[in-house]
Amino acid sequence: MEKEVYKGQIVRVTEEIIDNVNWERVYLPDGVIVFPITNEGKIILIKEKRPHENPQIRIKAVTGILEHDKGTPEENAQREMQEEIGLKANRLELLWSQKGSGTVNSHQYFFIAHDLVPDKIPNPDGEEMIMELIEYTPQELLEAVLNHELKWSLSTLGIFRLLQHLGAMG
């Protein structure tokens, strides 16, 4: 039987003995990852302060914890864009959904945001956290990942899926 050994605000850890082996599981919050695309075909990423990470500034996609009590994944994706980049999409396209199970468990929803319009709402993390919006062509985004300008994460898998979807992977 699975036993909870740690519960924080974000992370939960359990242990379970199966066939005399102690299996650990980490449960992370479900999330949304959004790739807004401008009318010119550029992908918007953010340069954000991340005081709990090293380095403390990171270029990343628009992301957020999926707050199930605040709506669907699509509604959460819209809210994250409004908070982080001050834009809303007239059309959201589900690019991919990844449910991790086993050692690390969470469900991530990847969206492409089209037909962007201004619609800012306050960022609960603080407006100063978002330092800059950066627009990449698909080729520039690929080079940024391959040159380690963007740190590898689950979002990177989404970037490769996005570039494949856009026909930028060759």
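The values are calculated or read from the model by the stated rules, or taken from the named source; none is laboratory data. Here the structure is a predicted model, which is why all the values come from computation and not from measurement. Glycine gets a Cβ as well: all are built from the backbone with ideal geometry, and neighbour counts include every protein chain shown.
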Item to check | Condition met for Leu150 (closer than 26 Å to Ile10 by Cα and surrounded by fewer than 16 Cβ atoms within 10 Å (Cβ to Cβ)) | outcome: no
Checklist entry - Considering Gly64, Gly102, Gly31, which residue is small (Gly, Ala, Ser), closer than 19 Å to Leu162 by Cβ and in contact (Cβ under 8 Å) with a residue 60 or more places away in the chain? => result Gly31
Checklist entry - strands (runs of 3 or more DSSP E) wholly in region 50-127 with at least 1 residues that are in contact with a Phe, Trp or Tyr (Cβ under 9 Å, 6 or more places away or on another chain) - which ones? => result 62-65, 87-100, 104-118
Checklist entry - Are there any pairs with C-beta distances below 9 angstrom linking a residue in region 111-138 that is among the β-branched types (Val, Ile, Thr) to a residue that is modelled with pLDDT of 95 or more and exposed (fewer than 13 other Cβ atoms within 10 Å of the Cβ), with the two at least 6 apart or on different chains, and if so which? => result Ile112/Arg91; Ile112/Leu94; Val117/Asn90; Thr137/Glu40; Thr137/Gly41
